[in-house]
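Single-structure report; data block below.
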């Protein structure tokens with residue numbers, strides 16, 4: 001069977017908050033509007049139990065999106081737009097060694113060892129944070145795709161299909177949640193990358209596709225994140241042959257203990273500091289694993305070639321397996 005894809009891609013898949021940046025991406029947003037960040041998150045943490053007491057169930061991972069919209073609607077963040085989120089993304093400060101490591105990993109495919117192959121490294125970000133802020137950050141130019149939460153500024157009205165023109169408000173601001181990403185849904189995007197549905201809209205993520213025809217096999221993925229909330233993705237990637245790595249704040253002993261626990265319980269292959277400078281353990285591990293996967297890809301190609309090839313015919317030497325044509329009747333030869 002011919003492959004739909006060449007399966008020549010390695011995907012480095014990253015969480016964002018406390019993985020690529022030291023804290024949470026919403027900090028520049030709160031600073032811009034003079035919002036007490038600690039108070040905001042304290043309110044968010046209280047919301048699930050508050051709504052539960054009213055007989056309602058909400059997602060702890062994404063209820064903060066609704067609370068942000070409450071801040072917009074009720075005044076403290078009046079006028080917040082997707083464009084503003086994009087601009088605030090430029091203020092994000094990354095962990096040491098970024099985005100340089102992203103560029104270095106992309107370059108491995110062009111190194112002397114692999115330059116004769118058509119290999120490619122792609123970076124993906126899957127986050128419960130805000131897509132527009134990620135896209136506005138300095139790392140986005142090295143990223144193939146972002147899967148994160150989105151806001152809608154101008155929702156279409158009821159019966160919009162019967163209207164020839166849809167008016168837009170003069171003063172735009174975010175007013176609805178367009179996309180939510182929680183820690184469980186993150187696994188869906190692993191399969192979108194795997195099957196290539198993020199590149200081809202005609203491929204549904206639930207479509208059954210033979211493994212040999214998927215764009216990025218999961219055993220050609222690396223997933224890097226900061227902790228226990230990423231266990232669902234860690235489990236999927238690791239069980240299907242990919243590489244998993246948990247990072248921690250070097251100054252936070254509790255985070256170190258959490259990632260060590262993930263290693264000891266075989267949730268991840270390894271752990272290390274959220275320090276991506278050239279000679280850090282995390283940087284070295286990432287570069288080694290990308291090269292290791294590329295070598296496995298070369299071996300897989302050779303095995304496939306060997307399996308599809310047959311030995312060419314050879315001339316027989318004189319001996320017990322040879323035929324003495326002089327002693328064989330002519331009519332026997334054509335039977």
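Remark: the stretch 242-299 is approximated by an ellipsoid whose semi-axes, taken from the C-alpha gyration tensor as √(5λ), come to 23, 15, 5 Å, largest first. Seen against the Cα atoms of the chain and their longest principal axis, helix 186-195 is set at about 40 degrees. Listed values (i) 29.8; (ii) 19.0; (iii) 20.0 include one computed from this model; for mean projected area of the Cα convex hull in nm² that value carries the label (i). State whether the stretch 42-99 is rounded, prolate or oblate according to the following rule on the C-alpha gyration tensor (a ≥ b ≥ c being the square roots of its eigenvalues): a/c under 1.5 gives rounded; otherwise a/b larger than b/c gives prolate, and the remaining case gives oblate. It comes out oblate by the Cα gyration axes.
State whether the stretch 78-130 is rounded, prolate or oblate according to the following rule on the C-alpha gyration tensor (a ≥ b ≥ c being the square roots of its eigenvalues): a/c under 1.5 gives rounded; otherwise a/b larger than b/c gives prolate, and the remaining case gives oblate. Prolate.
Ranked by the mean number of other Cβ atoms within 10 Å of their residues, highest first, the peptides 62-75, 15-28 come out as 15-28, 62-75.
From the square roots a ≥ b ≥ c of the eigenvalues of the alpha-carbon gyration tensor of the stretch 1-145, which class results: rounded (a/c under 1.5), prolate (a/b over b/c), or oblate? Because a/c hits 1.5 or more and a/b exceeds b/c, the stretch 1-145 counts as prolate. Taking the C-alpha atoms only, the angle from helix 253-264 to the longest principal axis of the chain is near 30 degrees.
Can you tell me the order of 31-39, 87-95 when each peptide is scored by its average per-residue count of other Cβ atoms within 10 angstrom, highest first?
Working: 31-39: 12.2, 87-95: 17.9.
Most protected by this proxy first, the peptides run 87-95, 31-39.
Once the Cα atoms are used to define both axes, helix 281-308 deviates from the longest principal axis of the chain by about 40 degrees.
Each value in this text was obtained by applying a stated rule to the coordinates, not by laboratory testing. Given the structure is predicted, the values throughout are model-derived calculations rather than measurements. Ideal geometry is used to build each Cβ from the backbone, glycine not excepted, and the neighbour counts take in all protein chains shown.
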